[in-house]
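**Student:** Quick one: the structure is below, questions incoming.
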Amino acid sequence: MSTQRESKESGATRKRMKPEVEEKAGDEAESKTLAEEEYETNVVGSEEMELSVSLILEKIENYTQRVSELLESGKTMLKELSDEFEEKLIMIHKEQVEKWQEEIRELRSLDASNEEANALLHNARYLLQPARDH
């Protein structure tokens, strides 16, 4: 009985093994096909990924170019503003200095007139003083 059972079990096992072996052989073929498909998918995926990466790199390049152009235009604008500011500040300074120089001329003219008037008054006093004494 035990030998019959063993032979039945071993036959059953063999029967079970045979489909497994056939299944394994089928799995290996499927594995190869799946591996090839995965490789093709990876290659296609890689091409898609490379295209995506390429597009992102192009975006980076375009963005970098725009930033560079903005920096240059900003520098140019700031330089123009700086030059304009400098010119206006120099003009304001020149106008103010001219006003003060005119004020100085007026003060000197007024001082000269005052000195002249003072000299006349002093001379008149000098001339009038002896007349009082005599």
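Values in this text are rule-based calculations from the coordinates and carry no lab data. Remember, it's a predicted structure, so these values are computed and weren't measured experimentally. In this analysis, Cβ positions are derived from the backbone assuming ideal geometry, glycine residues included, and neighbour counts consider all displayed protein chains.
**Student:** Where does the charge balance sit around residue 76 when Lys and Arg score +1, Asp and Glu -1, over other residues with C-beta under 13 Å from its C-beta?
**Tutor:** So the environment of residue 76 carries a net charge of -3.
**Student:** Write down the Kirkwood hydrodynamic radius of region 41-133, to one decimal in angstroms, obtained as one divided by the mean of 1/r over all alpha carbon pairs.
**Tutor:** For region 41-133, the Kirkwood estimate is 21.2 Å.
**Student:** Subtracting the Cα-Cα distance from 0.36 nm times the residue separation, let me have the gained length for residue 88 to residue 70 in nm, one decimal.
**Tutor:** 3.9 nm
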